[in-house]
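Worksheet: one structure, shown below.
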Amino acid sequence: MRYGLPILGLTALLFSILWPEQAKPPAGTEVKTPSPALYESAIRPLPATLPHHPERAALGERLFLDKRLSRDNSIACDDCHRLTHAGTDGLTMSVGVGGAMEKRNTPSVFNAALNVLQFWDGRARDLRQQAEMPILDKNEMGSTWPQVLDKLKADERYRDDFLKLYPDGLTRENVLDALVEFERTLITPDAPFDRYLRGETGALTPQAERGWKLFQDRGCIACHQGINIGGNLLQRIGVMQEPLNGLGADPGRFAVTGAEADRHVFKVPGLRNVARTGPWFHDGSARTLEDAVQFMGRAQLGIELSPEEVRALTAFMHSLTGQWRGKPL
């Protein structure tokens, strides 16, 4: 885990810092890789929702759908993170204001609140930063806060609702807070895999259950872990093999940190609803989920998955599709 720290490793890290000698195994002790059972305990069903302020979340949803957040009133958050399309737009690269092309594939907004960092390169530390950056990015929404606030303040309903919900009314901080409150509602529980984890017999097909076993045995779970089955660490693309399909053209987190060790490092995406969020990878180069799985086997694990293994793994990934507001994504 050179580039990332699983949430469940925080306690171990603190222990090793505060009591370094005690944390080290005795000389000559064999250090074994944790068993799949330990990893499985870190993957648990999604909750029905996260704590949030319902009225502020409703206000945030209106903002999420409002094209006035963009410079030319042409693009809303929902145009790239479509709530009717599993939080993505189905495009290789999204199109911003004035037809500007994005440089990376749009990740899903669903379950983003469970990620440790936001964006492919982890440049946003939380949902608040994630919500603001596209509004100001010249290739996305291309706006400024004076423009946004002037347009929203011209709307009497927005003025009244912000005053009702926030003591200081309609401000930059409160717009971002409302958007974050809404994003915290974008949790997709009750996938077949969630039901399986809760002990529901038959929730997974035999093929999907075999895929879950392969997911553990083959080592996918080493990076795709935690409640979001990813999203909690950073990793280099092409650990075992140099990136294919042009994936190596993107410097990844190197563009954020300037550290050579971060070249081609990206946030490991969460696999929740992954069957609905294609095309896949940061450049959208995988046109099918099967292609994505096969590539991951070669580039990240150094193995050639058999056709049957690929089918089983993709069946497992289809079992990760959850529901939002009681309806399947």
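What's the FRET efficiency of His85 with Glu260 using the Cβ-Cβ distance as r and R₀ = 35 Å, to the nearest 0.05? Please list the in-between numbers first.
Values: r = 37 Å, r/R0 = 1.06.
Result of the calculation: an efficiency of 0.40.
Defining a contact as two alpha carbons under 8 Å apart and six or more residues distant in sequence, what relative contact order in percent does the range 244-329 show?
Values: 87 pairs, mean separation 21.5, N = 86.
Across the range 244-329, relative contact order equals 25 percent.
Extending each Cα 7 Å along its Cβ direction at Glu308 and Lys164, get the distance between those two points in nm, one decimal.
6.1
Counting heavy atoms of the protein chains only and a 1.4 Å probe, report the per residue accessible area for the range 115-243 as a whole number of Å².
44
Once you have a ≥ b ≥ c as the square roots of the Cα gyration tensor eigenvalues for the range 148-286, tell me rounded if a/c is under 1.5, and otherwise prolate or oblate according to whether a/b is larger than b/c.
It is oblate, given that a/c is not under 1.5 and a/b is not larger than b/c.
Please give the length that would be gained between Glu156 and Thr49 if that part of the chain were fully extended, namely 0.36 nm times their separation in residues minus their C-alpha to C-alpha distance (nm, one decimal). Could the numbers behind the result be given before it?
Working: separation 107, 0.36 × 107 = 38.52 nm, distance 3.09 nm.
Going from the current span to full extension adds 35.4 nm.
To check you understand DSSP bridge types, tell me what percent of the beta bridges within the chain (both residues inside) are antiparallel, rounded to 5. Please list the in-between numbers first.
On the way: 9 of 10 bridges.
Restricted to the chain, the bridges split so that about 90 percent are antiparallel.
Taking the structure as given and computing semi-axes √(5λ) of the Cα gyration tensor in Å, which label from (1) 35, 22, 22; (2) 30, 27, 18; (3) 33, 22, 18 fits?
(1)
Would you calculate the separation in nanometres between label points at Lys213 and Thr144, each defined as 7 Å from the Cα along the Cα-to-beta-carbon direction?
Computed distance between label sites Lys213 and Thr144 equals 6.2 nm.
Arg82's amide H: which non-local residues (gap 5+, or another chain) put their own amide H closer than 5 Å, with H modeled 1.01 Å from N in plane and none for Pro or chain starts?
Gly87, Thr88, Asp89
Between Ile303, Ile43, Ile75, which gets the highest mean-square fluctuation from a Gaussian network model of the chain, Cα cutoff 10 Å?
Between Ile303, Ile43, Ile75, it is Ile303 that shows the largest mean-square fluctuation.
Quick one: accessible surface of Arg311, probe radius 1.4 Å, all protein chains present, in square angstrom to the nearest 10.
Answer for Arg311: close to 130 Å² accessible.
Taking Cα centroids, how far is the range 121-173 from the range 197-271 in Å?
The distance from the Cα centre of the range 121-173 to that of the range 197-271 comes to 32 Å.
Kindly count the pairs of lysines across the chain whose alpha carbons are less than 20 Å apart, treating pairs on different chains or eight or more residues apart as eligible.
10
Determine the calculated [θ] at 222 nm for the chain from helices alone, applying -39500 (n - 2.57) to every DSSP H run no shorter than 4 residues and normalising by the residue count; nearest 500 deg cm²/dmol.
Details: 14 runs with 118 residues, N = 329.
Helix-only estimate at 222 nm: -10000 deg cm²/dmol.
Given an 8 Å cut-off on Cα distances and at least 6 residues of separation, report the relative contact order of the chain as a percent.
Answer for the chain is 23 percent.
Do you know the relative contact order of the range 48-94, to the nearest whole percent, from alpha carbon pairs under 8 angstrom that are 6+ apart? Could you put the intermediate results ahead of the total?
Details: 32 pairs, mean separation 8.8, N = 47.
That works out to 19 percent.
Can you work out the Karplus-derived ³J(HN,Hα) for every residue in the range 83-88? Use 6.51 cos²θ - 1.76 cosθ + 1.60 with θ = phi - 60°, whole Hz, and x for glycine or proline.
Per-residue couplings from phi come out as 5, 8, 9, 6, x, 10 Hz.
Using +1 at the C-beta of Lys and Arg and -1 at the C-beta of Asp and Glu, which of Ala312, Thr277, Gly238 has the Cα lying farthest in the positive direction of the dipole of the chain?
Toward the positive end, the furthest listed residue is Ala312.
Roll a 1.4 angstrom probe over the protein heavy atoms and tell me the percent of accessible area of the chain that is carbon or sulfur.
56
The values are calculated or read from the model by the stated rules, or taken from the named source; none is laboratory data. Not measured: the values here are computed from a predicted model. Counting neighbours? That spans all protein chains shown, and the Cβs are built from the backbone with ideal geometry, glycine included. To get the accessible areas, we keep the full protein, side chains included, count just its heavy atoms, and leave off ligands, DNA and RNA. Shrake-Rupley method; radii C 1.70, N 1.55, O 1.52, S 1.80 Å.
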